[in-house]
Amino acid sequence: MTEDDYTAMRHRMVETQIAARGVSDPRVLAAMKKVPRHRFIPSTLWDQAHGDYPLPIGEDQTISQPYIVALMTEMLELKDTDRVLEIGTGSGYQAAILAELAAQVYTIDRVASLLAQAERILAKLGYTNIKTRVGDGTLGWPEEMPFEAIIVTAGAPQVPRPLTEQLALGGRLVIPVGDRWSQTLTCVRKTTEGLKFEYHGGCRFVRLIGEHGWQEGGWL
Ligand code: SAH
């Protein structure tokens, strides 16, 4: 398979899985066509890189289904001047999509080995507007607040309060909220009248583990 083959597969992925299901923001579609998804997963899985499902990336974690990445990104309504915080770097793929659409990306993962691998590939692809940190992302990144957009790519039992506190006025927080098995994609908007909630359908993510998330090892 050549890089041209992967590019063709990506374009098909965007048309059949993403645009066909109603994601229409042209900037989001262009970013999904541009970022080489296969480079963020183990090379043994490259032939499945554009499948309509999540894939394992090690440490019991997954890279999200392409459609979910596109949908959550569209919900963030990013402008090219925005500063974005991501909780759950994982493979680094979502961070690369964000970096195509915003001015600066801050991304946190609690697993140092995943973060190191993500940093390697993001550097190799030439991204210079992504800052990374190892730690509990449910606490946010207070030194860099406020953020115009925050995305959580792990399933949370509730919306972590530090994250809504670190959201700029007019800012959007997109987060899957629910139980261990299924969550609802939730968008929280900070307005002058307070927080406004919108719900966008079901999804299934690995757990957000931390002070304002699930307890490590806990069953529910
Ligand atoms: N956005 C990723 C997929 C994330 S998978 C991608 O594009 O590939 C979920 C990630 O959330 C895992 O890497 C997991 O280690 C991380 N995670 C779970 N709880 C966390 C927490 N409290 N803070 C930071 N990262 C967390």
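Checking residue 28 against (1) in contact (Cβ under 8 Å) with a residue 24 or more places away in the chain; (2) surrounded by fewer than 19 Cβ atoms within 10 Å (Cβ to Cβ), only one condition comes out false. Which one? If we test residue 28 against (1) in contact (Cβ under 8 Å) with a residue 24 or more places away in the chain; (2) surrounded by fewer than 19 Cβ atoms within 10 Å (Cβ to Cβ), just (2) comes out false. Here are 97, 41: which of them is within 11 Å of the chain's Cα centre (by Cα), surrounded by 15 or more Cβ atoms within 10 Å (Cβ to Cβ) and within 12 Å of the ligand (Cβ to nearest atom)? The conditions single out 97. Taking only pairs six or more apart or across chains, which ones have beta-carbon atoms under 6 Å, a first residue in segment 131-148 that is in contact (Cβ under 8 Å) with a residue 60 or more places away in the chain and acidic (Asp, Glu), and a second residue that is in a loop (DSSP other than H, G, I, E, B) and more than 14 Å from the ligand (Cβ to nearest atom)? Going by the 6 Å Cβ cut-off, the qualifying pairs are 148/82. Within the set 173, 208, 114, 169, the sole residue that is under 19 Å from residue 82 (Cβ atoms) and in contact (Cβ under 8 Å) with a residue 24 or more places away in the chain turns out to be 173. A single member of 126, 137 is at pLDDT 95 or above, farther than 21 Å from residue 193 by Cα and under 16 Å from the mean Cα position of the chain (by Cα), and it is 137.
Taken together, the residues in segment 100-139 that are on the phi > 0 side of the Ramachandran plot and either of a type in the set (Val, Ile, Thr) or more than 8 Å from the ligand (Cβ to nearest atom) (or both) amount to 1. Just to be sure before I move on: is residue 59 more than 16 Å from the chain's Cα centre (by Cα) and within 12 Å of the ligand (Cβ to nearest atom) in the structure I sent? Yes, satisfied. Regarding segment 78-91, can at least one residue be identified that is among the basic types (Lys, Arg), in a loop (DSSP other than H, G, I, E, B) and crowded, with 20+ Cβ neighbours inside 10 Å? Within segment 78-91, none of the residues are among the basic types (Lys, Arg), in a loop (DSSP other than H, G, I, E, B) and crowded, with 20+ Cβ neighbours inside 10 Å. Of all the listed residues (177, 206), the sole one being under 16 Å from residue 64 (Cα atoms), out of contact with any His (no Cβ under 7 Å at 6 or more places or on another chain) and within 12 Å of the ligand (Cβ to nearest atom) is 206. Any residue that is surrounded by 12 or more Cβ atoms within 10 Å (Cβ to Cβ), in a loop (DSSP other than H, G, I, E, B) and more than 16 Å from the ligand (Cβ to nearest atom) - is there at least one of those in segment 146-166? Yes; the residues of segment 146-166 include at least one that is surrounded by 12 or more Cβ atoms within 10 Å (Cβ to Cβ), in a loop (DSSP other than H, G, I, E, B) and more than 16 Å from the ligand (Cβ to nearest atom). Annotation note: of 202, 194, 171, the sole residue that is modelled with pLDDT under 95 and of a type in the set (Gly, Ala, Ser) is 202. The residue list 124, 131 contains one member that is among the basic types (Lys, Arg), touching a Phe, Trp or Tyr at 6+ places or on another chain (Cβ under 7 Å) and closer than 23 Å to residue 36 by Cβ, which is 131. Selection within segment 179-197: residues that are part of a strand (DSSP E or B) and without any contact (Cβ under 8 Å) to a residue 24 or more places away in the chain. The member of this set that is surrounded by the most Cβ atoms within 10 Å (Cβ to Cβ) is 189.
The values are calculated or read from the model by the stated rules, or taken from the named source; none is laboratory data. As the structure is a computational prediction, the values presented were derived from the model and not from experiment. Cβ: placed from backbone, ideal geometry, glycine included. Neighbour counts: every protein chain shown.
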